[in-house]
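Structure first, commentary second.
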Amino acid sequence: MKKKINVLGLDLDNYSVRESISMIDAYLNDKIMHVVGIVFMDLLILAGEDVKVKESIENLDMKIIGDKEILAVAGITRGFRVRETVENEFVIRFLEKLSHKKCTIFILCNTEEECQLFEKYLVQKFPSCIVAASYDIEKCKNDYDVVVNEINIIEPDVVFAALDSPARESFILEQKSKINARLWFELGRNIRTILTTKKVSVWFKDFINRGIFHRVVSKYKNEEK
């Protein structure tokens, strides 16, 4: 099995969930903060339009594939990697790992409501996880030093970040060296799936993204010829 696949000019990791979780263990024991993110179709589409988004993906220490359509571009249409991706198995195993290790967590979302809902989800599903604090990005009014200070007061094991652009890219590119945490985890579109009760709305957005993604991939391949 290929450990790396190239999609739209970006090298993405194609590790099994077991391999990925093993790497997470190493990251949590390291002295520097590592940045892990889940890469979905919509993020790859944005990367083709925005250099900063592309750079933020390239700088991830581990790029978890979030959609089976991304695997399909590399010719992977069946087997355990497709199943792991469809079932969102990495996030589940990752949270189980944090729960087992009783890791401290800092939640960073777009709004206070998202923070509260995500904390509620963690407490219910993974009760041994320790949510030390949360912060919604609306409060800081683009003064990201305020957010960094809030994180550094806690010094959490893991920061769960579910931010929209451009805050997502600003943190990953500009603030990494200032943050005292073991792991920064870009939750990406998972936050929408976890928090919303409107599953039809989520499905429809994903349906639209699939159409756009396939057109972007087709255009990219034609330009490569």
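Things to note:
- At R0 = 30 Å, FRET efficiency that the Cβ-Cβ distance of residue 164 and residue 61 yields, to 0.05: 0.85
- In the chain, the calculated helix contribution to ellipticity at 222 nm averages -15000 deg cm²/dmol per residue, counting -39,500 (n - 2.57) for every DSSP H run with n ≥ 4.
- Percent antiparallel among DSSP beta bridges (both partners in segment 1-160, rounded to 5): 25
- Here the accessible area of segment 18-115 is 48 percent carbon and sulfur, with a 1.4 angstrom probe and all protein chains present.
- Relative contact order for the chain, counting Cα pairs under 8 Å that sit 6 or more residues apart, in percent: 23
- Note on Cα extents along the principal axes in Å: of the candidates (i) 52, 38, 35; (ii) 53, 36, 31; (iii) 52, 50, 34, the value calculated from this structure sits at (i).
- Pairwise Cα separations in segment 62-104 fall into 5 Å bins from 0 onward with the following percentages, short to long: 5, 23, 24, 18, 13, 8, 6, 2.
- For the residue pairs 141/176; 52/176; 4/221; 63/139, alpha carbon separations beyond 23 Å are given by 63/139.
- Cα gyration tensor category, rounded, prolate or oblate, for segment 1-66 with a/c compared to 1.5: oblate
- A 1.4 Å probe run over the chain, with the rest of the protein chains in place, finds 52 Å² accessible per residue.
- Percent RCO, i.e. relative contact order, over segment 1-130, from Cα pairs under 8 Å lying at least 6 residues apart: 21
- Computed over segment 92-139: relative contact order in percent, which uses C-alpha pairs under 8 Å that are six or more apart: 51
The values are calculated or read from the model by the stated rules, or taken from the named source; none is laboratory data. Remember, predicted model here, so these are calculated numbers, not experimental data. Heads up, the Cβs are rebuilt from the backbone with ideal geometry, glycines too, and the neighbour counts pull from every protein chain shown. Ligands, DNA and RNA are excluded from the accessible area calculation, which covers all protein heavy atoms including side chains. Shrake-Rupley method; radii C 1.70, N 1.55, O 1.52, S 1.80 Å.
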